[in-house]
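Here, each number is a calculation from the coordinates, and none is a lab measurement. From a predicted model like this one, the values you see are computed outputs, not experimental measurements. Every residue, glycine among them, receives a Cβ derived from its backbone with ideal geometry; neighbour counts consider all protein chains shown.
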Amino acid sequence: MSNPYAGEVALIVDGERQVLKLTLGALAELEAALRVDTLVALTERFEAGRFCSRDIITVLVAGLRGGGWRGTAADLACAEVAGGPMAAARAAAELLARAFSLPDEGVV
């Protein structure tokens, strides 16, 4: 089970449940990899729906690594994500949101 208070999000990748978490180092890598000056700009990009599949993969790989996964972006690009692209996009957006806010009461 993922812990929203710790910023964690769960995602099924290749049939295995993974827990994703954005560490400070992962956030710094995201800024550089996605060519944004601030994390606010990255979050706004997702909120406005101005993201692409590369953005989703980059955010998910950072979160997966924060959760202990040792794969690469190429590994994730070839992986089966339960729920497909929409679930992947939702998980990436949720991961960013949880990195900067407390979850609503009752969220598990």
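Applying a DSSP loop filter and a limit of 12 other Cβ atoms within 10 Å to the GluC sites (Glu not before Pro) in the stretch 30-103 leaves GLU80. Backbone amide hydrogens, once placed in the peptide plane, bring VAL81 within less than 5 Å of ASP14, excluding anything fewer than 5 places away on its chain. When every Cα-Cα distance of the chain is counted in 5 angstrom steps from zero, the calculated P(r) takes the values 2, 13, 26, 27, 20, 10, 2, 0 percent.
Summing +1 for each Lys or Arg and -1 for each Asp or Glu among the other residues whose beta-carbon sits under 11 angstrom from that of VAL13 gives -3. For the residues ARG65, ARG35, ARG17, a GNM of the chain with alpha-carbon springs under 10 Å puts the largest fluctuation on ARG35.
Extension gain for GLU80 to GLU44 (0.36 nm times residue separation, less C-alpha to C-alpha distance): 10.2 nm. The distance linking the stretch 1-33 with the stretch 57-73 is 7 Å (Cα centroid to Cα centroid, whole angstrom).
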